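Nothing in this text is a laboratory measurement; each read-out follows from the coordinates by a stated rule. What you see is a predicted model; the values in this text were computed from it and never measured. Every residue, glycine as well, gets a Cβ built from its backbone with ideal geometry; the counts of neighbours run over all protein chains shown.
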């Protein structure tokens, strides 16, 4: 349980204009799962919906995409349409929520999401993950882990524009390191 300190609260309000001292930022990145390269990045405040950043990330990617993989937070209709608008041939591989239902037009024109739901019903969630390519998301998580280990998990700049520049420089440095060489893991057993 936290104790409330009126003097400290007054100081924080006077110093920072709020009761809370710090706000954290979220880094949204688009990663090529094959190469580990960071293709796009957006830095937002912590109250921004993850799904709202898909379009800005897609706008930064120059070439065609084969797939867009995201976690369950991206299970939104707007994301499927945003990807279809920019990359009509791309697969959208997002696990539907446990409460998801098939669309009304499933019999005539099933959506990618409908096909995911049908596959989950037929093969189970793990079976869907294996057949859909969702397991490739682990490669993206490795890129995020690499970013945090090499660059760190804190930004040093104090203004939003400088933070965005810092993230862009960090992504460029990581991409350059990957170009210079990356270990190849081979399963032997």
Q) For 172, 116, 87, what ranking results if the residue with the fewest other Cβ atoms within 10 Å of its Cβ goes first? A) 172, 87, 116
Q. In what sequence do 146, 113, 176, 158 fall when counting other Cβ within 10 Å, fewest first?
A. 158, 176, 146, 113
Q: Please determine, in degrees from 0 to 90 and to the nearest 10, the orientation of helix 6-16 with respect to the longest principal axis defined by the Cα atoms of the chain, where the helix direction is its Cα long axis.
A: 80
Q) Rounded to a whole number, what is D in µm²/s for segment 25-180 from Stokes-Einstein with the Kirkwood radius over alpha-carbon pairs (20 °C, 1.002 mPa s)? A) 127
Q: Find how many whole Å separate the alpha carbon centroid of segment 150-187 from the alpha carbon centroid of segment 75-130.
A: 32
Q) Where does each of 93, 151 land when they are ranked from fewest to most other beta-carbon atoms within 10 angstrom? A) 151, 93
Q.
Can you give me the angle between helix 77-86 and the longest principal axis of the chain, using Cα atoms only, in degrees from 0 to 90, rounded to the nearest 10?
A. 80
(Q) Give me the one-decimal nm value for the distance between modelled label points at residue 44 and residue 118, 7 Å along each residue's Cα-to-Cβ direction. (A) 3.2
Q: Would you calculate the separation in nanometres between label points at residue 104 and residue 159, each defined as 7 Å from the Cα along the Cα-to-beta-carbon direction?
A: 5.1
**Q.** Nearest 10 degrees, 0 to 90: helix 160-180 Cα axis against the chain principal axis
**A.** 50
